[in-house]
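These notes are about the structure you will find just below.
The values are calculated or read from the model by the stated rules, or taken from the named source; none is laboratory data. Just so you know, these numbers come straight off a predicted model, no measurement behind them. A quick note on method: Cβ atoms are made from the backbone with ideal geometry, for glycine too, and the neighbour counts reach across all protein chains shown. Please note that ligands, DNA and RNA were not included when accessible areas were found on the heavy atoms of the full protein model with its side chains. Shrake-Rupley method; radii C 1.70, N 1.55, O 1.52, S 1.80 Å.
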Amino acid sequence: MLLRLVRISYAAVRPLSTEAATTVKSTRSGSSITTSLEGGTSTATSTRGRDTLGRRLLSLIYAKRSAVIAIRKWKEEGHPVRKYELNRIVRELRRHKRYKHALEVCEWMRVQDDIQLLSGDYAVHLDLIAKVRGMNSAEKFFEDLPDKLKVQTTCTALLHTYVQHKDTAKAESLMEKMSECGFLKYPLPYNHMLTLYISQGQLEKVPGLIQELKKNTSPDIVTYNLELAVFALQNNVEAAEKAFLELKKVKLDPDWITFSTLTNIYIKSSLQDKAKSTLREMEKRISRKARTAYASLISLHTNLESKDEVFRIWKEMKSIFRKVNDTEYSCIISSLLKLDEFGEAMNLYTEWEAVSATKDTRIANLILAAYINKNEMEKAVDFHNRMVQKGISPSCTTWELITRGYLKQKEMDKVLEFFKKTVTSVSKWDPDAKMVQEMFHVVEEQGDIQVAEKLLVTLRHAKYVNTEIYNALLRTYVNAGKMPMIVAERMKKDDVKMDEETQRLIGLTSNMTVTEVPNGVA
């Protein structure tokens, strides 16, 4: 949950304006920095029933369709194309994550002789290039800019790209250059770096960065929220309360993220009364615009084991929003399972199943995991069959869950069957060393050399074979009273080195009954 709050705070620090006159203004509620957008917050589709360029561009939907062709056709029909309208359209396209079309609009504007672009426009352009074509392309775009456009806004956009790609070295190098150029007179670049350090677990770098920030400018509410997130990760109640008092002293208004983070800290420290108090303050600050706050409220009430409050917030959400999204269904179902309300969770899953257009496997996996955690494998398998019948494609996690379920029951033939599906369902399997260790532990106990050998083959195909796995195989042979064949040759072929344990185990099996080389293992 804390990392989710960091991501939300991170979204709040993105500075990129889509307007011509992008300016950074200081608002004296504690010197917080906000980005002012000329033209207000109206969207390109605000006029109902009327044919507009915004409507045409937003209706393209499919990425293969060209925004440029749509703009040209609009002009050919005799309609004017104004920069401020295109800026609002870009902003709307970005809001809907239609980055390719937004980039096409930016590129079209760039080649028009009658459209004058400012640094803020190039900052948006750079950000979209990073999203559509990657970091290297964004860097090339920045390098090709004239020096007069390598200013605060475009540098911050490039920093934003480095942070998104978690490139700490390049981000730190750019911060140094921005400092030399006097571009660190507002908190936004620092907030980007704080987000990067938190996401990378480099919490030791945070205090020094905040000190530097305070020397050059004033922290904003996002800065304090990120600092509170660090204290939450460190479970440091005293430091969190001190930071909260400081932000109040400089007359910054805490937002819902502030109180959500404080509540989380208090819950972790078993300070229930304080948690309930900050949770009430959090609820006062949420609105329809802060939709993600409702899921956070549900999670926090769940951690306080307040079932009635969870149901109340869910009911309120459904009354406010016409359609509940996958993330919100995932949150409420997870919460109800945590509160041991399986029946209610299942009812909501069935509701989601009936209305979902995404068929997101992750939501179905929540119910599947619940059955497996309750050791109800028969029901878990039935539910898996239901998933498939409803058009929900099993993921790597689905197969892994079923593998773990059979592993708990020590049904190793089934474990092997579903583990194969786990590792072959993805182009590159992310090894779970603990699960592999548990599988071999059961195989060793059972002395089943056939399953052990098949498990080794599966792991070899997944490119995950090491000395400990071969040692586990040898221990299985010892327990079975059998001598394995050509182990040294197989280890050499797999580029696995022997250790003292390997040598000891080979010595133990040397006088045992010889076995044949199992098929497919040589």
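Some values worked out for this structure:
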| quantity | calculated |
| --- | --- |
| Contacts under 7 angstrom Cβ, first residue in segment 241-252 being without any contact (Cβ under 8 Å) to a residue 24 or more places away in the chain, partner of a type in the set (D, E, K, R), 6 or more apart | Ala243/Glu227 |
| Segment 153-210: number of residues that are closer than 19 Å to Asn236 by Cα and aromatic (Phe, Trp, Tyr) | 1 |
| Matching residues, segment 120-146, being open to solvent by 30 Å² or more (accessible area, probe 1.4 Å) and among the small types (Gly, Ala, Ser) | Ser137 |
| Cross-chain or 6+ apart pairs with Cβ under 7 Å, segment 417-435 first and farther than 10 Å from Ala462 by Cα and at pLDDT 95 or above, then basic (Lys, Arg) and open to solvent by 60 Å² or more (accessible area, probe 1.4 Å) | Met435/Arg404 |
| Positions within segment 201-228 being under 20 Å from Thr168 (Cα atoms), of a type in the set (S, T, N, Q) and out of contact with any Pro (no Cβ under 8 Å at 6 or more places or on another chain), in sequence order | Gln202, Gln211 |
| Filtered residue count, segment 70-79, keeping only those that are open to solvent by less than 70 Å² (accessible area, probe 1.4 Å) and not in a helix (DSSP H, G or I) | 2 |
| Selection count where residues are in a loop (DSSP other than H, G, I, E, B), in contact with a helix residue (DSSP H, G or I) (Cβ under 6 Å, 6 or more places away or on another chain) and within 23 Å of Lys492 (Cβ to Cβ), scope segment 430-477 | 2 |
| Output for segment 417-429, where each listed residue is of a type in the set (Ser, Thr, Tyr), in contact with a helix residue (DSSP H, G or I) (Cβ under 7 Å, 6 or more places away or on another chain) and in a helix (DSSP H, G or I) | Thr422 |
| Complete set of residues in segment 85-115 that are assigned to a helix (DSSP H, G or I), over 27 Å from the mean Cα position of the chain (by Cα) and surrounded by 13 or more Cβ atoms within 10 Å (Cβ to Cβ) | Glu85, Leu86, Asn87, Arg88, Val105, Cys106, Glu107, Trp108, Met109 |
| Ala67 vs. criteria over 18 Å from Gly120 (Cα atoms), crowded, with 22+ Cβ neighbours inside 10 Å and aliphatic (A, V, I, L, M) | yes |
| Matching residues, segment 327-341, being out of contact with any Lys or Arg (no Cβ under 8 Å at 6 or more places or on another chain) and either part of a helix (DSSP H, G or I) or hydroxyl-bearing (Ser, Thr, Tyr) (or both) | Thr327, Glu328, Tyr329, Cys331, Ile332, Ile333, Ser334, Ser335, Leu336, Leu337, Lys338 |
| Residue within segment 157-170 that is open to solvent by less than 40 Å² (accessible area, probe 1.4 Å), farther than 17 Å from Leu126 by Cα and modelled with pLDDT of 95 or more present | yes |
| Of all residues in segment 285-315 being at pLDDT 95 or above and surrounded by fewer than 15 Cβ atoms within 10 Å (Cβ to Cβ), the one that is farthest from Val355 (Cα to Cα) | Glu305 |
| Candidates Arg312, Arg322, filtered to the one that is of a type outside the set (Val, Ile, Thr) and not in a helix (DSSP H, G or I) | Arg322 |
| Every residue from segment 232-273 that is open to solvent by 60 Å² or more (accessible area, probe 1.4 Å), under 23 Å from the mean Cα position of the chain (by Cα) and either of a type in the set (Asp, Glu) or over 23 Å from Ser299 (Cβ atoms) (or both) | none |
| Helices (runs of 4 or more DSSP H) contained entirely in segment 201-251, each with at least 2 residues that are closer than 20 Å to Phe183 by Cβ | 206-216, 221-233 |
| Some residue of segment 384-394 being β-branched (Val, Ile, Thr), open to solvent by 20 Å² or more (accessible area, probe 1.4 Å), under 29 Å from Thr261 (Cβ atoms) and in a helix (DSSP H, G or I) | no |
| Qualifying residue in segment 356-376 (condition: modelled with pLDDT of 95 or more, on the phi > 0 side of the Ramachandran plot and touching a helix residue (DSSP H, G or I) at 6+ places or on another chain (Cβ under 6 Å)) | no |
| Pairs where the first residue, in segment 356-369, is surrounded by fewer than 19 Cβ atoms within 10 Å (Cβ to Cβ) and the second is polar (S, T, N, Q) and in a helix (DSSP H, G or I), C-beta under 8 Å, 6+ apart | Asp360/Ser330; Thr361/Thr397; Thr361/Thr398; Arg362/Ser330; Arg362/Thr397; Leu366/Ser330; Leu366/Ser334 |
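Residue-by-condition table, conditions (1) among the aromatic types (Phe, Trp, Tyr); (2) more than 29 Å from Leu459 (Cβ to Cβ); (3) part of a helix (DSSP H, G or I):
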{"site": "Glu344", "(1), (2), (3)": "no, yes, yes"}
{"site": "Glu351", "(1), (2), (3)": "no, yes, yes"}
{"site": "Asn375", "(1), (2), (3)": "no, no, no"}
{"site": "Glu378", "(1), (2), (3)": "no, no, yes"}
{"site": "Glu400", "(1), (2), (3)": "no, no, yes"}
{"site": "Gly405", "(1), (2), (3)": "no, no, yes"}
{"site": "Val415", "(1), (2), (3)": "no, no, yes"}
